[in-house]
Amino acid sequence: MIKRLFTFMLILGLVSNSLNIKANHQVDSLLTELNGNLPPGKQIKILTKLTELHLNLGFDKVYKYASQLNELATAHGTIQNKADAAFYLGIVYRLDGQLDLALVNYISSVKLYRKAGIDLEVAGVCNNIGYIFFQTHEYGKAKRYYFDALSLYKKHNNIKFITRMNYNLGTCFREEKNYAEALRYTRKALVLAEKTNDQVSINKIYNYIGIIHFKKGDYKLARENYLHSIKNVSEEEDKSLILGYGYNNIGETYRDEGNFLLARRYFKKALIEKQKVNKPATIATTLLNIGKLYLMENQPDSAIVYLEKTLSLIDFSIAYFDSNLKETPSILITAYQRKKNPGKKDYERLLELNRKYIEHIEHAKTDNNQRLLDLAMTNGEEISKAQYHEQKAKSIQNRSLWIVSFSILVILGLLVLIYYREKRFKHFIKQMWNDIKDI
């Protein structure tokens with residue numbers, strides 16, 4: 001058995017290494033070709049391929065290709081080249097959490113795809129814009145773009161994406177607490193998925209329906225749908241991730257019903273499955289649930305272990321938008337406060353953990369406020385990149401001036417306060433001295 005496992009791991013390592021070598025060779029070959037004397041059209045194709053190959057390798061590695069592609073396409077490309085380049089740049093900024101810049105580039109690509117008359121590309125970008133607004137809790141704007149995408153997918157009878165837009169709309173209505181509409185659109189998606197026998201979508205949609213019932217407080221119905229979502233999971237799907245989500249959500253229903261034993265059992269099953277996939281954000285969600293469960297059981301020491309681990313796994317650009325992950329520091333503080341006789345080291349540890357968290361939020365590249373996202377829209381109308389950057393510069397300048405002015409006022413206020421406190425103190429000393437002299 002051990003020999004077989006060793007052989008399997010060796011083969012897996014060789015295959016993985018072979019794929020990496022092949023990918024690196026492809027990149028080297030494209031870079032060599034790019035450095036040759038090529039016409040702009042050929043360079044655009046190569047830069048597009050290089051951008052695609054580097055999308056999952058981090059902002060610094062992909063941005064240089066995406067920005068070069070955008071510059072070259074703007075100067076020499078067709079309308080579609082320009083649209084594609086803006087779209088890729090939007091993806092790159094979104095992956096890095098710079099949602100304002102992602103939005104501006106997506107809007108540019110929508111305008112260009114419309115000009116080129118490429119409906120399905122317009123629909124795809126509208127879906128991406130909708131997702132940005134969903135992330136920032138602007139559900140009305142998200143729905144507007146999802147509806148735009150839905151109408152275009154219907155025009156071309158694209159069942160797969162009609163299904164997706166329906167459950168995207170369902171999630172918006174769910175977050176708005178309009179559960180009747182949420183169920184209506186999500187069930188539409190389920191009917192379409194069942195007609196096409198799209199088992200992956202069926203599993204996801206049952207999970208979404210479960211979440212709606214959970215939000216309504218119908219824990220039994222929620223659990224029934226969660227169980228449906230993991231009933232028929234094939235090996236071809238991301239099985240562990242689907243099981244991880246299902247078990248985690250079932251655990252939440254038992255927790256809220258007060259059945260902590262079953263809740264912990266399902267959370268631990270979820271953790272086992274999620275660790276196989278090794279996606280930190282999804283692992284963090286279940287660790288947070290376990291930490292909260294221990295806190296509900298008045299076991300702060302155990303809660304602290306899981307909550308600190310949660311905090312260490314959080315991607316802070318995502319945590320800003322995920323209300324569950326965002327609450328981790330406050331729950332951790334509660335756990336420390338409930339600890340019997342917390343010592344100086346406990347408080348130092350807590351301060352350090354939260355200092356790091358706050359620093360990450362403050363230094364996030366996202367400019368995470370709705371005002372900057374709103375700069376990309378003027379009464380719902382699309383604006384150009386140049387207009388956006390001009391408005392953003394003014395916004396940052398105004399904000400900087402406001403901060404400086406506020407700081408000056410605070411400092412002046414403190415100086416005045418110190419002056420009057422000192423004056424009162426001198427008056428008190430003088431009065432006291434006079435009283436002593438009278439004695």
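The values are calculated or read from the model by the stated rules, or taken from the named source; none is laboratory data. As the structure is a computational prediction, the values presented were derived from the model and not from experiment. All Cβ positions, even for glycine, are placed from backbone atoms using ideal geometry, and neighbour counts span all protein chains on display. Just the protein is used for accessible areas: all its heavy atoms, side chains included, with ligands, DNA and RNA removed. Shrake-Rupley method; radii C 1.70, N 1.55, O 1.52, S 1.80 Å.
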Among Asp96, Asp119, the single one that is touching a residue at least 60 places away in the same chain (Cβ under 8 Å), in contact with a helix residue (DSSP H, G or I) (Cβ under 7 Å, 6 or more places away or on another chain), surrounded by fewer than 22 Cβ atoms within 10 Å (Cβ to Cβ) and of a type outside the set (Lys, Arg) is Asp96
Subset of segment 219-273 (residues that are closer than 18 Å to Leu190 by Cα, open to solvent by 70 Å² or more (accessible area, probe 1.4 Å) and among the hydrophobic types (A, V, I, L, M, F, W, C)): Leu221, Leu227
Give all pairs with beta carbons closer than 7 Å in which a residue from segment 165-193 that is closer than 14 Å to Phe134 by Cβ meets a residue that is of a type in the set (D, E, K, R); count only pairs at least 6 apart in sequence or on separate chains. Leu169/Lys143; Cys172/Lys143; Phe173/Glu181; Arg174/Lys215; Ala182/Arg174
By residue number, the members of segment 68-86 that are closer than 21 Å to Gln98 by Cα and in contact with a helix residue (DSSP H, G or I) (Cβ under 7 Å, 6 or more places away or on another chain) are Gln68, Leu69, Asn70, Lys82, Ala83, Asp84, Ala85, Ala86
Filter result for Val125 (farther than 22 Å from Ile209 by Cα, in contact with a Cys (Cβ under 9 Å, 6 or more places away or on another chain) and surrounded by 24 or more Cβ atoms within 10 Å (Cβ to Cβ)): no
How many residues does segment 189-218 hold that are open to solvent by less than 60 Å² (accessible area, probe 1.4 Å) and part of a loop (DSSP other than H, G, I, E, B)? 3
Show me the helices (runs of 4 or more DSSP H) found entirely inside segment 1-80 where at least 2 residues are in contact with a Phe, Trp or Tyr (Cβ under 8 Å, 6 or more places away or on another chain) and modelled with pLDDT of 85 or more. 40-54, 59-76
Would you mention how many residues in segment 311-335 are modelled with pLDDT under 80 and among the hydroxyl-bearing types (Ser, Thr, Tyr)? 3
Residue that is open to solvent by 40 Å² or more (accessible area, probe 1.4 Å), at pLDDT 90 or above and within 25 Å of Lys326 (Cβ to Cβ), where the choices are Gly140, Gly130: Gly140
What pairs can you find where one residue is in segment 137-154 and over 9 Å from Cys126 (Cα atoms), the other is of a type in the set (A, V, I, L, M, F, W, C) and not in a helix (DSSP H, G or I), and their Cβ atoms are less than 9 Å apart, with a gap of 6+ or different chains? His137/Phe321; Lys141/Met377
Quick one: Lys82 ticks every box in (1) surrounded by fewer than 22 Cβ atoms within 10 Å (Cβ to Cβ); (2) charged (D, E, K, R); (3) free of Cβ contacts under 8 Å to residues at least 40 places away in the same chain bar one, so which box is it? (1)
